[in-house]
Amino acid sequence: MIKKRNHKLYIFISLLIVFTAGCEELAEEHNTPDLENPIKIGVVGDVSVLREQVENIFFGVQLASEEINNFDGVEIDGQYHDIELIYENSAGSAQEGIDIVKKFVDDGIKIIIGPTFSSVALEMAETCIKNDVLMMTYSATWPSLSLLDDNDLIWRTCPSDYTFGIVAAQYSYDSLEHRNAAILYRNDRFGKSLSNIIQNKFVALGGEIKSLVPYPDNIVDVDSYNFSYELNTLFKEDIDVVFIISFNSEIAKITNDIYNNERYQDFNVKPNIILSDGIIPEELIKNGNPELLETVIGITSTNTGNPNYCTYKTNYKNRFGFSPVTYSEHAYDALYCISYAMQKANSLDPNEIKTFLREVSGIEVPDEEIIIDQIVINANEFDIGKNMLKIGVSINYEGASGKINFDLNGDPIPKFVIWGIENNEFVELSYYGK
Amino acid sequence: MRALHWVVFLSLLFSFTKSFSQETDSTITTNLFELSLDDLMNIEIVSAVRKNQNIIDAPSIISVITEKQIRERGYMSVAEALNSIAGVDVITDHYQPNLGIRGINGGLRSWSRLVKVMIDGQNISFRSSSDNYLDASLIPIEAIKRIEIIRGPNSALYGKNAFLGVVNIITKTGTELEKESVSQFYANFNKNSSYGISSIIGGKKDKFDFILASSYSQINKSGLAPKNVPGSSIYGVSDVSNKTESEPLSVFAKLTYNSENLGKFIFDFNHQLIDSYVEFIDWGTLTHNNRLSAFNNYERLLYSNDLSEYFSTVFSISHSSGRPNKKEVLDTDSDPTEWIEREYKYSGYDLSGNLSFNFDEINNLSLGVDFTSDIHDHQKYYTVNNSGLKTLNPGGTNGVRNFDNLGIYLQMIFNAASFFDIEYLKNLTLTAGYRFDYHNIYGDVLTYRLAAVYNIFENLSTKIMYGTSFNAPSSVQLYTNSISPGGIVGNPDLKPERAKTLEWALMGKIIKDVNFSTSLFYTQIDNKIEYLLPYGQISNITAENVSSISSAGIEAELNASMYNNTAYINYSYQKSILNKTDPILENIQINTALYPNQIIKFGDIVHLKKLYSNINIEGKYISSRIASDQNNFVYDPINYSTSRYELDPYFILDLSISSSELEIFKKSTSRICLKVQNLLNTSFYYPGFSNYDIPGLGRTYYVRLTQYF
């Protein structure tokens, strides 16, 4: 009897041990990177408005920080500093952006990469200037950002809409011989500004804008929004081309609504559709209306043929498991430019860093390609770039987005790829810039 | 209304069937439905090993809800009955219940996919999506003799989708039918009226036995307001559902021919019409125009025979089908000029055979083979406008595809003391099962289980079990196109989800009129299918095998019957950890969302014999639970993997008063049941998947009148 009882007891105890051991494993665990003397840099994006795209942009900066930290980070006065990124969501709200800047300043963060939207960037810029904060946006394209009295604190790695608008209107008028156009645009600063530039250039070239139609910029769920009202106005007269100034997250729904629009169906020759920067061809191929795809022309600042972009894309895909999207390479370059300038300045002070941003990104000299005594540093070559700077050699960082060469306004040298879709495949049609 | 005509027509069949039912043995059936607590502990179940076994001897953790409990507690659907069981958590989006089990919920667009639901062993899922519709459309509640619920894996016996549990609904026979009846109910929620009618007829004559049951209801739950994710203000006070209506219809019939010479033939069929306006669906909230409507049916012929004293055999052939109803309209916005239509259907053929060699009452060797061929016309969404233009939405795969599965299983139940003179092993019974499935889409799957049951005393046993199981990706998960740009699209590379479970249980009777069951479990799920928030270049949500879950917990149940009271209380604690890859944080371990850590359920029926009535009180305490990933993105768009909000805990109390059978009309009896659900009018919310959480029902009144003939 005793033996039997012991037997049962052993089984029971064994089970409890197994169960307890099993439960021991069931605890939350998050990876927190072990950073040495971290330099905190704020990364701001309107992630709650454009989740997929902004997260991908964040991942671009994250990749850059990991690559830099892999080479012991920035060396200031002989001490190594890893980069620590502090992500914040500006939620498409200028006030939210201002609050984030103030919070960063309170936390001693004086360098910001972002935000996403021009409307947020402009308000944040003013607060940054007041507080001596260096801000470098990767996707705010509003031209007015170039003209701010900013004490050289406001920069961007994406090209301005001014050049984009000129290129779009010119390509449409000259290359495609469009004469009658309509414009559908987001009713925000980005949409209004870019539509004005396109309109002015297209009219100046001799074309006519038949209709200029805004759509709300505060649509909560784009799939639940029906664009029929806007499209009925847009298509009231015969046109050769529609310029659509929208976000990537909206374009698939817009193309589907266009196809379902009766007036559009009445066109004997369907108008071309020219899209704003930031529209991802793969998204359009997957979710856009298939009947419209071959009429679509896109213009992007992402040059997928650039060898540095290929390196970046490969590294990005290896790290995250998917391909990067437009603007993520600009965000990646922003951190590299700042880090090289920091290294060159041997300082964490934004006012020191800003004075070297042009130098490390390559100085554009008329009638010459680059200054000869600069060493070209490509994507993911932080060790080389850092060592060159440490021994006093000038560098020219050519990033994932190609040549950067900041101008006097803190804008990069503009370069665009004009693309289309043929047989459900992305094709490059033309190029603008170096 | 056509559905209502059906029910009325079926009810009129009474006159035809009266003579048929005269041979019903009321003594047997009365005894069956008046099971004592002792009987309940010793009730025979079939689901654990496909063979009659006592609950305490069965090599599974199994709970049973009897017809009597369903009647006395006033359950209106299988989901409601299942929600009284330990280790089960049923949430809803007011379209269909979504059953979670042991710390895990299927999540977005999963309607009880984690368990296999069967009627008398026949798979009843909607095969296009593998969802199980557990509302009133599943089966007329009167047709149910008992519901057997196995918590834990059972793929080694039942194949795919017997993943984390099995629900087997055992139906009555004509012989067991106590009385034929017609029931009507009237309900009121938020000043909305709902009503329903159901009937059951049946009986036995000579070698024939039949039963026919039907139910139809119109349920209106309008007036519900979604709750914003903390910190957001998308929905205002005027945003309430004004079309939360459903019209479930269900018909079940079974005809049995039993001959000593030829064996037993059973033909049964089940028809479900799942028909509901949906206001809280992720792709179209409060559009007031979404109506999901679909048919799901099966017809089966089953033959069983005891070939000899030792050999018995069962063969069955069945046909299942499902497709949307013409009433279905999908609408992602409030614009009436454009809507979405859905095309999909399936037609499935099942062929199965089982041969058992019974050495004696305990020892048994079974060999089974089954072949399933499901012909799926993949789910496709079209955008349609009022000028008749119909365009195929992007993504997905066109065409028809066969899903063929061949399964072979072997099971042995073995008591060593029956064969050898080993006295100390006489109380130990071992069960081993092994199953091989070959599927033409996702390939081979091997599953097995091992169990040991030891009878400590006559009414006390302990069990230890280990088993593996799998959940197959459905046609919808593999091949659907998107309902709207950026919506869910299929992933043809999906693999089955796999689980391994170790369980231990102790169950039996401790003192007179009190029985209990307690169990521990540890489950490891791999290749868990998750609907990923989109990354990369395409904004579609896709299902991928990206995570694993480790889950452990304890379940304890106590039943007591004394002083004219029949009471139960159960408690479950579960902790589940999701192992996933976050793009920034890389590998992380976080608590699973959607399922509460602790659940307490209790009920007490007071039998007031002098007043010819019963009073039933049931309560549920549900602890807080983490909101869905989709909502947590809204809550904290930066750190949504780790910074998450929880839904508040809540306590719900239901009260029902039912009469005994009263002789209001001559030669017939009646029964009245009054039920108040959520008596305290507790405000509570279920997890939502699209910027809001879903409101639970407030206080709701039901009156149900049943007339027996």
Requested in this report: Scan segment B:54-75 and give yes if some residue there is closer than 25 Å to B:S217 by Cα, without any contact (Cβ under 8 Å) to a residue 60 or more places away in the chain and either of a type outside the set (A, V, I, L, M) or not in a loop (DSSP other than H, G, I, E, B) (or both), otherwise no.
Outcome: yes
Query - Only listed residue being modelled with pLDDT of 95 or more and not charged (D, E, K, R), chosen from B:I657, B:I638, B:I605, B:I617 - result: B:I617
Requested in this report: Determine if segment A:92-109 includes at least one residue that is of a type in the set (A, V, I, L, M) and assigned to a strand (DSSP E or B).
Outcome: no
Query raised in the report: Taking strands (runs of 3 or more DSSP E) that fall entirely within segment B:329-431, which contain at least 2 residues that are surrounded by 16 or more Cβ atoms within 10 Å (Cβ to Cβ), free of Cβ contacts under 8 Å to residues at least 60 places away in the same chain and of a type outside the set (D, E, K, R)?
Result: B:338-358, B:364-385, B:400-414
Query raised in the report: Among the numbered criteria (1) within 23 Å of the chain's Cα centre (by Cα); (2) of a type in the set (A, V, I, L, M); (3) modelled with pLDDT of 90 or more, which single criterion is violated by B:I529?
Result: (3)
Report summary line: Only one of B:S683, B:S670 is among the hydroxyl-bearing types (S, T, Y) and either part of a strand (DSSP E or B) or buried (at least 16 other Cβ atoms within 10 Å of the Cβ) (or both), namely B:S670
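Let's see how each residue does on (1) surrounded by 19 or more Cβ atoms within 10 Å (Cβ to Cβ); (2) within 14 Å of another protein chain (Cβ to nearest Cβ):
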{"residue": "B:A593", "(1), (2)": "yes, yes"}
{"residue": "B:H607", "(1), (2)": "no, no"}
{"residue": "B:L611", "(1), (2)": "no, no"}
{"residue": "B:E618", "(1), (2)": "yes, no"}
{"residue": "B:Q630", "(1), (2)": "yes, yes"}
{"residue": "B:N639", "(1), (2)": "no, yes"}
{"residue": "B:Y645", "(1), (2)": "no, no"}
{"residue": "B:L655", "(1), (2)": "no, no"}
{"residue": "B:S660", "(1), (2)": "no, no"}
**Report entry** Among the residues listed as B:I150, B:I197, B:I169, the single one being farther than 30 Å from B:L351 by Cβ and of a type in the set (V, I, T)
**Finding:** B:I197
Report summary line: Apart from one, (1) away from every other protein chain (no Cβ under 14 Å); (2) small (G, A, S); (3) under 16 Å from A:R156 (Cβ atoms) all hold for A:S339; the odd one out is (3)
Report summary line: Taking segment A:32-46 and keeping only residues that are assigned to a loop (DSSP other than H, G, I, E, B) and closer than 15 Å to A:M135 by Cβ, one is left with A:D46
Report task. Report whether or not A:A27 is more than 8 Å from chain B (Cβ to nearest Cβ) and either modelled with pLDDT under 95 or farther than 18 Å from A:Y340 by Cβ (or both). Result -> no
**Report entry** segment A:269-307, subset of a type in the set (G, A, S), in a loop (DSSP other than H, G, I, E, B) and more than 11 Å from chain B (Cβ to nearest Cβ), residue surrounded by the fewest Cβ atoms within 10 Å (Cβ to Cβ)
**Finding:** A:G305
Query raised in the report: Taking the condition under 27 Å from B:N261 (Cβ atoms) and acidic (D, E), does B:D360 pass?
Result: yes
Query raised in the report: Tally time: how many residues in segment B:507-529 are buried (at least 19 other Cβ atoms within 10 Å of the Cβ), touching a Lys or Arg at 6+ places or on another chain (Cβ under 8 Å) and within 14 Å of another protein chain (Cβ to nearest Cβ)?
Result: 4
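Tell me which strands (runs of 3 or more DSSP E) are completely within segment B:80-159 and hold 1 or more residues being farther than 23 Å from B:I219 by Cβ, or say none if there are none. I'd like the intermediate steps shown before the answer.
Values: elements: B:88-92, B:97-101, B:115-119, B:144-151.
So the answer is B:97-101, B:115-119, B:144-151.
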Query raised in the report: Can you name every residue in segment A:226-249 that is surrounded by 20 or more Cβ atoms within 10 Å (Cβ to Cβ), within 11 Å of chain B (Cβ to nearest Cβ) and either closer than 14 Å to A:V213 by Cβ or modelled with pLDDT of 90 or more (or both)?
Result: A:F227
Query raised in the report: Which residues, counting only those in segment B:595-605, are assigned to a strand (DSSP E or B) and buried (at least 18 other Cβ atoms within 10 Å of the Cβ)?
Result: B:I599, B:K601, B:G603, B:I605
Report task. Specify which of the listed residues (B:T447, B:T480) is in contact with a Lys or Arg (Cβ under 7 Å, 6 or more places away or on another chain), away from chain A (no Cβ under 12 Å) and in contact (Cβ under 8 Å) with a residue 40 or more places away in the chain. Result -> B:T447
Query raised in the report: What number of residues within segment B:686-709 are surrounded by fewer than 19 Cβ atoms within 10 Å (Cβ to Cβ) and not in a loop (DSSP other than H, G, I, E, B)?
Result: 5
Report summary line: Subset of segment A:47-91, residues surrounded by 24 or more Cβ atoms within 10 Å (Cβ to Cβ), more than 14 Å from chain B (Cβ to nearest Cβ) and not in a helix (DSSP H, G or I), comes to A:G73, A:V74
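Quick grid of which residues meet (1) under 30 Å from B:N290 (Cβ atoms); (2) touching a Gly at 6+ places or on another chain (Cβ under 8 Å); (3) modelled with pLDDT of 90 or more:
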position: B:E34; (1), (2), (3): no, no, no
position: B:D38; (1), (2), (3): no, no, no
position: B:S63; (1), (2), (3): no, no, yes
position: B:I101; (1), (2), (3): yes, yes, yes
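The values are calculated or read from the model by the stated rules, or taken from the named source; none is laboratory data. Since the structure is predicted, the reported quantities are computational estimates derived from the model, not experimental observations. Cβ sites come from the backbone with ideal geometry, for glycine too, and all protein chains shown count toward neighbours.
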